[in-house]
Each structure stands twice: as C-alpha cells, then as structure tokens.
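Student: Below you'll find the structure I mean.
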Amino acid sequence: MAKVSTSDFRNGMNIIVDNEIYTIVEFQHVKPGKGPAFIRTKLKGVENEKNIEKTFRSGENVESVRVERQQFQFLYADGELFHFMNQDTYEQIPLEAKKVEKKEFISDGMVCTLVVDVENENILYAEPPDQIVAEVVQTDPGVRGDTAQGGSKPATITGGATVQVPLFINEGEQIRVDTRTGEYLERAKSN
C-alpha cells in the first residue's frame, strides 16, 4: 500500500484509518491564526458503513488503498449468497449478502458495480446502478379523479423495493427509479 500525504487528499480517495478502509467524502485545509495547519475530513467506511470525522496534521502521511469499480452481472441469490458474473471472462463470484448494498433494487440480469481492493483482490461491496428500470409488480389501482392534487401511493417493484409513485402508475408498468434516494423518476420509455 502506498503512503500519501494529506496534501494529496482528494474526494473519493480511499485511505486506511484504524485498520479500516474509509473513503474521503469531504476535506478542508484549516490554517488557524495560531498553531500549525491541519486537515479536517469527513470519512465514510467502505466495509463498516460508519461515518466519522477525523483531523490530520498538515503533511502527515497515511496509507492509501487503490480500489477499482468493475461491472458484473447479477445472476441469482442463493440464501445468503449473491452470485455475480464477469461479463468478459464469464467467471462467477459468490458474494455474501452483507456486502451487497441496496439488495431490494437488484434483479436478475442487472449489471452492478463491484468495488474491489486491487492489492488484496478482495471484493469490498457491490451496488446497483444509480438509476434502474423496474416493473411495478404490486400497487393499488389509481382511482379516476384522484389526480387533481397530485398525490402518491406505494408500489412494489421487481427486486422487492417499495417506492412512492404517482397515482396514475399501474401494475405491469415499467418505471425509472433512483436507487440512491429510492425515488420514482419517471415512466420508462417503451421501445
């Protein structure tokens, strides 16, 4: 693992703090009127989901971790294992359910991103695309005349997530959903 100086910090960089991998979400160089300069950071745990704030001395060295984001196709879930396939080599990789983020948005055949620690060849976690197209599998029927004030209703999509959708959306329709916020975006365009 390479050592990097605090002057090389960038948003999205991965570093090791207390033997855990964290991603730098935000950093700020602070030069007080009295005393040495320091770097104030907000960090998000890659494997532990913790959000912490940490202060580093200016010029301090920390270990960086090189990670790659690779595209894998989701095949199926088998109990506590999620199976993904590399689309180039057709190699199949089982991944524990606890390492799969937002599982409720993942459905068969979806191309997901696996974040891999390059030096250890360790898969840190898997995540769905930022936006997906999914079919509404269960929702209450919209009642004519209910749309005057806008309004929304819950709908279950393939994968199992529940999303608030407008009243005019019916079962069997394809919708676009933002997986980061879990919000309905629009009806999916049919080809």
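Student: Only one of Thr139, Thr113 is under 30 Å from Thr23 (Cβ atoms), touching a residue at least 24 places away in the same chain (Cβ under 8 Å) and not aliphatic (A, V, I, L, M); which?
Tutor: Thr113 is the lone residue from the list that is under 30 Å from Thr23 (Cβ atoms), touching a residue at least 24 places away in the same chain (Cβ under 8 Å) and not aliphatic (A, V, I, L, M).
Student: Let me ask something else. In the range 55-69, which residue that is within 19 Å of the chain's Cα centre (by Cα) and surrounded by fewer than 18 Cβ atoms within 10 Å (Cβ to Cβ) is nearest to Met110 (Cα to Cα)?
Tutor: Restricting to residues being within 19 Å of the chain's Cα centre (by Cα) and surrounded by fewer than 18 Cβ atoms within 10 Å (Cβ to Cβ), the top hit is Arg69.
Student: Between a first residue in the range 3-15 that is over 18 Å from Asp117 (Cα atoms) and a second residue that is assigned to a loop (DSSP other than H, G, I, E, B), which pairs have beta carbons less than 8 Å apart while being 6 or more apart in sequence or on different chains?
Tutor: Listed by first residue and then by second, the contacts come to Ser5/Gly59; Ser5/Glu60; Thr6/Ser58; Thr6/Gly59; Thr6/Glu60; Ser7/Ser58; Ser7/Gly59.
Student: Okay, moving on. Go through (1) assigned to a strand (DSSP E or B); (2) without any contact (Cβ under 8 Å) to a residue 60 or more places away in the chain one by one and return the number of the condition Ile21 breaks.
Tutor: (2)
Student: While we're here: List the strands (runs of 3 or more DSSP E) inside the range 137-191, counting only whole elements, that have at least 1 residues being among the β-branched types (Val, Ile, Thr) and modelled with pLDDT under 85.
Tutor: By residue number, no strands (runs of 3 or more DSSP E) qualify.
Student: Read through the list (1) more than 26 Å from Tyr22 (Cβ to Cβ); (2) free of Cβ contacts under 8 Å to residues at least 60 places away in the same chain; (3) buried (at least 16 other Cβ atoms within 10 Å of the Cβ), then give the number of the only condition that Ile106 fails.
Tutor: Answer for Ile106: the failing condition is (1).
Student: Scan Val46, Val30 and give me the residue that is touching a residue at least 40 places away in the same chain (Cβ under 8 Å), among the aliphatic types (A, V, I, L, M) and not assigned by TED's automatic domain parsing to the domain that holds Glu101.
Tutor: Going through Val46, Val30 in turn, just one is touching a residue at least 40 places away in the same chain (Cβ under 8 Å), among the aliphatic types (A, V, I, L, M) and not assigned by TED's automatic domain parsing to the domain that holds Glu101: Val46.
Student: Ok, one more. Of everything in the range 99-145, what is touching a Pro at 6+ places or on another chain (Cβ under 8 Å), over 23 Å from Glu171 (Cβ atoms) and either hydrophobic (A, V, I, L, M, F, W, C) or outside the structural domain of Leu75 (by TED's automatic domain parsing) (or both)? Give them in sequence order.
Tutor: Of everything in the range 99-145, those that are touching a Pro at 6+ places or on another chain (Cβ under 8 Å), over 23 Å from Glu171 (Cβ atoms) and either hydrophobic (A, V, I, L, M, F, W, C) or outside the structural domain of Leu75 (by TED's automatic domain parsing) (or both) turn out to be Val111, Cys112.
The values are calculated or read from the model by the stated rules, or taken from the named source; none is laboratory data. This one's a predicted model, so the numbers in the text were calculated from it and none came from an experiment. Here Cβ is always computed from backbone atoms with ideal geometry, including for glycine, and neighbour counts include all displayed protein chains.
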